[in-house]
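As structure tokens, the structure follows; a few thoughts come after it.
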Amino acid sequence: MTPPARSPRQRKHDALDRLDRDTDAWVATAGPADGAPYLVPLSFLWDGTALLIATPSASVTSRNLQATGRARLGVGPTRDVVMIEGTVQATQAAADIPPETGDAFFGKTCYLYFRIRPQRIQAWREANELAGRELMRDGQWTIP
């Protein structure tokens, strides 16, 4: 039995809750020359306005993010997903991350940190929530 569709306000609340408590996301980037897609699971930290991810500076994901400044992230299971399209707000070396933020990822590595500001957020559980799934458009929440 399919649960009843949530209100947009409840979906926003649930999406923000998932961003606060979940740890991992699927991160998709594309190559700048050929647009070849690249998908990897990465841990993230949500600061209330942006997601912080870390990946080795020489990785395909890092190179794609530096070249295009765009990513798409999927957080949660397929039946309760939050999809985020975002732009790279900042690229920082591990040494430039505040200690309290770096501790969330623990350990010093040759990783680059990318702060991704959401431009579009969608959330749905079942087909009955496909309509109205867009919670953020052009970096602005569509509902209060």
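Angle of helix 8-21 to the longest C-alpha principal axis of the chain, folded into 0 to 90 degrees and rounded to 10: 30°. Protein heavy-atom accessible surface, 1.4 Å probe, per residue over the range 1-125: 54 Å². Placing +1 on the Cβ of every Lys and Arg and -1 on the Cβ of every Asp and Glu, with no other charges, gives the chain a dipole of roughly 300 debye about its Cα centre. Expressed as a whole percent, the accessible area of the chain that falls on carbon and sulfur atoms is 54 (1.4 Å probe).
The values are calculated or read from the model by the stated rules, or taken from the named source; none is laboratory data. If you're wondering where the values come from, they're calculated on a predicted model, not measured in any experiment. Every residue, glycine among them, receives a Cβ derived from its backbone with ideal geometry; neighbour counts consider all protein chains shown. For the accessible areas, the whole protein counts, side chains as well, though only heavy atoms, and no ligand, DNA or RNA atoms are used. Shrake-Rupley method; radii C 1.70, N 1.55, O 1.52, S 1.80 Å.
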